[in-house]
Amino acid sequence: MKTIKAIFEQGEWLTAEQLNALQPSPSTQKSQPASEWKRLGRIFVVSHGGEEYFARYQFDEAYQPLPVIEEVLRAFGEVADNWKIAAWFHYPNGWLSKPGAQGRVPLAPKDALDQRAALLRAATARRGSYEA
């Protein structure tokens, strides 16, 4: 529960209704378009406090799904709990890095969304590794 709380508090999360309101032509169905994007595997959702939330980093400036998210989710594979996906995106990852003062520094996947090939390699690599 501490991990879920930390992820939720350290990020920007949107409800389906909020996403709807941010669309150029909002649907009268407040669950759209998030519900459709979720069904198509273009984005992921987590449940917190009885409500569904979508991480803001999954969307571009116009609140449309980033294509790389769908690709990463496909490479990531099936999971029983979407908080595993949220944690993977949130925490620094040894397969992704950036230059630092003393060498390479691990990078959280949510901060590397512009590195498509590296993200897909990292998502695929995690399937064959140990997770605590």
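Values as computed for the structure displayed
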read-out: Pairs where the first residue, in the range 16-32, is closer than 17 Å to Glu61 by Cβ and at pLDDT 95 or above and the second is in a helix (DSSP H, G or I) and not acidic (Asp, Glu), C-beta under 6 Å, 6+ apart; value: Leu19/Ala34
read-out: Conditions (1) in contact with a strand residue (DSSP E or B) (Cβ under 7 Å, 6 or more places away or on another chain); (2) modelled with pLDDT of 95 or more; (3) closer than 19 Å to Phe8 by Cβ: number failed by Trp83; value: (2)
read-out: Selected residue (criterion: farthest from the chain's Cα centre (by Cα)) from residues of the range 40-63 that are in a strand (DSSP E or B) and crowded, with 17+ Cβ neighbours inside 10 Å; value: Glu52
read-out: Which numbered condition Ala80 fails, given (1) free of Cβ contacts under 8 Å to residues at least 24 places away in the same chain; (2) surrounded by 17 or more Cβ atoms within 10 Å (Cβ to Cβ); (3) within 22 Å of Met1 (Cβ to Cβ); (4) hydrophobic (A, V, I, L, M, F, W, C); value: (2)
read-out: Candidates Ile4, Ile43, filtered to the one that is closer than 30 Å to Ala125 by Cβ, touching a Pro at 6+ places or on another chain (Cβ under 9 Å) and not aromatic (Phe, Trp, Tyr); value: Ile43
read-out: The range 94-106 residues that are of a type in the set (Ser, Thr, Tyr), paired with ones that are in a strand (DSSP E or B) (beta carbon under 9 Å, 6 or more apart); value: Ser97/Gly103; Ser97/Arg104; Ser97/Val105; Ser97/Pro106; Ser97/Leu107
read-out: Candidate set from the range 1-39 (those that are in a helix (DSSP H, G or I) and within 22 Å of Ala108 (Cα to Cα)); member that is farthest from the chain's Cα centre (by Cα); value: Lys2
read-out: Residue within the range 68-80 that is within 21 Å of Asn93 (Cα to Cα), of a type in the set (Asp, Glu), modelled with pLDDT of 95 or more and out of contact with any strand residue (DSSP E or B) (no Cβ under 7 Å at 6 or more places or on another chain) present; value: yes
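The values are calculated or read from the model by the stated rules, or taken from the named source; none is laboratory data. Given the structure is predicted, the values throughout are model-derived calculations rather than measurements. For neighbour counting, all protein chains shown are included, and Cβ atoms are generated from backbone atoms with ideal geometry for every residue, glycine included.
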